[in-house]
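Below is one structure, written out as C-alpha cells; comments come after it.
The values are calculated or read from the model by the stated rules, or taken from the named source; none is laboratory data. Keep in mind that what you see is a predicted model, and the values were worked out from it rather than measured. We place every Cβ from the backbone using ideal geometry, glycine too, and count neighbours over all the protein chains shown. Just so you know, the surface numbers come from the protein's heavy atoms only, side chains and all, with ligands and any DNA or RNA stripped out. Shrake-Rupley method; radii C 1.70, N 1.55, O 1.52, S 1.80 Å.
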Amino acid sequence: MSGLEEDLAAARAQAQGASSVVLVEGHSDREAVLAMADRHGRDLAAEGVVVAAMGGVTNTGHFAEALGPHGLGLPLSGLYDAAERGDVHRGLLQAGLAGKCSRTGLAARGFHECDADLEDELIRAVGTQRLLELVQAEGEGRGFATFRRQPAQRDRPLHACLHRFIGTRSGRKIRYGRLLVEALGPNPAPEPLEALLHGLGTRVRNADV
C-alpha cells in the first residue's frame with residue numbers, strides 16, 4: 001500500500017460518523033486550524049469535524065473523491081495557497097463538486113485562499129518582531145541567526161527569512177503552525193482561517209437541525 005493509499009484509508013476511518021471534513025495541504029496547516037478552533041473555544045472533534053492533512057495539494061482530488069459526494073458523502077471545506085487555486089479546483093471537479101475557478105467561487109464551496117500560504121498569513125498577522133521573540137523563546141535564536149548569515153538569506157527581508165526558517169524542517173513547521181496562532185494575542189487572525197471556522201460553525205449548526 002502506498003503512502004497516499006494509507007493516508008486515504010486513515011482519513012476514511014477517521015471520518016466515519018463525522019459531520020464534515022476540512023482538507024489542508026499538510027500537518028502544519030492542520031495544527032494551525034486546530035489551534036484556531038481552540039482560540040475560539042471550540043472542540044472540532046466533539047463537533048464531528050475532521051481536519052485531514054492530504055500530504056500535498058495535488059492529492060485534493062483523491063481526498064475529495066474518497067470523502068465527498070462520490071465517497072462518504074460528507075461536506076468538504078479547506079484552505080489552499082493562492083498559487084494552488086487551479087489544482088484545488090481540478091480536484092474538486094474530479095470529485096463532482098462543480099464551481100468557478102476563482103477565489104470567490106472556491107470560497108462559496110468552503111475553500112479559502114491564503115495570499116501566499118498559511119504560514120505567510122500568520123507571520124504577517126503576528127508580526128516579525130513578535131515572531132523573533134517566539135523563535136528566541138523556543139531556543140532557536142542562535143540557529144536563526146546562523147541561518148540568516150547564509151549567502152542565500154543575507155539580502156532577503158526579515159519576513160522572508162523567518163518564513164523560510166520555519167519551513168526548513170518538517171517538525172519545526174508543524175510546531176510553529178500552532179505556535180503562530182497562539183502568538184496572535186489580541187491581533188486579528190488571518191481572514192482565511194476566520195472564514196473557515198465561521199463556515200464550519202454554519203455547517204455544524206445546519207447538520208444539527
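So the values come out like this:
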{"read-out": "Accessible area (Å², per residue) of the chain, counting only protein heavy atoms and a probe of 1.4 Å", "value": "48"}
{"read-out": "Chain lengthening between residue 82 and residue 27 when straightened (0.36 nm per residue, less Cα-Cα)", "value": "18.0 nm"}
{"read-out": "Neighbourhood net charge (15 Å Cβ-Cβ; Lys/Arg +1, Asp/Glu -1) for residue 106", "value": "-2"}
{"read-out": "Share of carbon and sulfur in the accessible heavy-atom surface of the chain [1.4 Å probe, %]", "value": "50"}
{"read-out": "Candidates 91, 143, 171, ranked by Gaussian network fluctuation over the chain, Cα under 10 Å, top entry", "value": "143"}
{"read-out": "Total formal charge among the other residues, if their Cβ is under 13 angstrom from that of residue 71, Lys/Arg +1 and Asp/Glu -1", "value": "0"}
{"read-out": "Residues listed by number, the stretch 20-37, amide nitrogen under 18 Å from residue 46 label point at 7 Å toward C-beta", "value": "20, 34-37"}
{"read-out": "Average Cα contact separation per residue, the stretch 58-209, under 8 Å, 6 or more apart, as relative contact order %", "value": "23"}
{"read-out": "Ranked packing of 51-60, 180-189, most packed first, by mean Cβ within 10 Å", "value": "51-60, 180-189"}
{"read-out": "Helix-only mean residue ellipticity at 222 nm for the chain, each DSSP H run of n ≥ 4 adding -39500 (n - 2.57), per residue, nearest 500", "value": "-17000 deg cm²/dmol"}
